[in-house]
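The values are calculated or read from the model by the stated rules, or taken from the named source; none is laboratory data. Small disclaimer: the values here were computed from a predicted structure and weren't measured. Neighbour counts are summed over all protein chains in view; Cβ atoms, including those assigned to glycine, are modelled from backbone coordinates with ideal geometry.
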Amino acid sequence: MSPELVINIVQNAMSVLLMVAAPVLLVSLLVGLLVSVLQAATQINEMTLTFIPKLLALFLTLVLAGPWMLNTLIDYTTRLFQSIPNVIG
């Protein structure tokens, strides 16, 4: 197994990781920013006000983007397992 092959596998894994994590992270960032602006405008400093909207938005994101995320992970894993003979020999 050459170092170039290992670097290629790690790069592919990192790109899949970023693609799968991006929707959840972006939604969490946007909802957190909107709630923070709302709290700053109304001067309401309630901790549950930040937690509940994020939780609902992340649940909705996982419901909507979950099948795509799962298919992306399955495709990557399948490609990785199919490349085992090329890596070994």
Could you tell me how many of the residues in region 24-45 are surrounded by 14 or more Cβ atoms within 10 Å (Cβ to Cβ), over 12 Å from Met69 (Cβ atoms) and among the hydrophobic types (A, V, I, L, M, F, W, C)?
3
Suppose we filter region 18-52 for residues that are modelled with pLDDT under 90 and in contact with a helix residue (DSSP H, G or I) (Cβ under 6 Å, 6 or more places away or on another chain); how many remain?
1
Ala21 - would you say it is loosely packed, with under 14 Cβ neighbours inside 10 Å, assigned to a helix (DSSP H, G or I) and in contact (Cβ under 8 Å) with a residue 40 or more places away in the chain?
no
Could you please find all residues in region 1-12 being loosely packed, with under 12 Cβ neighbours inside 10 Å and of a type outside the set (Val, Ile, Thr)?
Met1, Ser2, Pro3, Glu4, Gln11
I need the full set of residues from region 68-89 which are within 19 Å of Met14 (Cα to Cα), modelled with pLDDT under 95 and of a type in the set (S, T, N, Q), in order please.
Gln82, Ser83
Pick from region 49-89, criterion assigned to a helix (DSSP H, G or I) and of a type in the set (Ser, Thr, Tyr), ranking: farthest from Leu25 (Cα to Cα):
Thr78
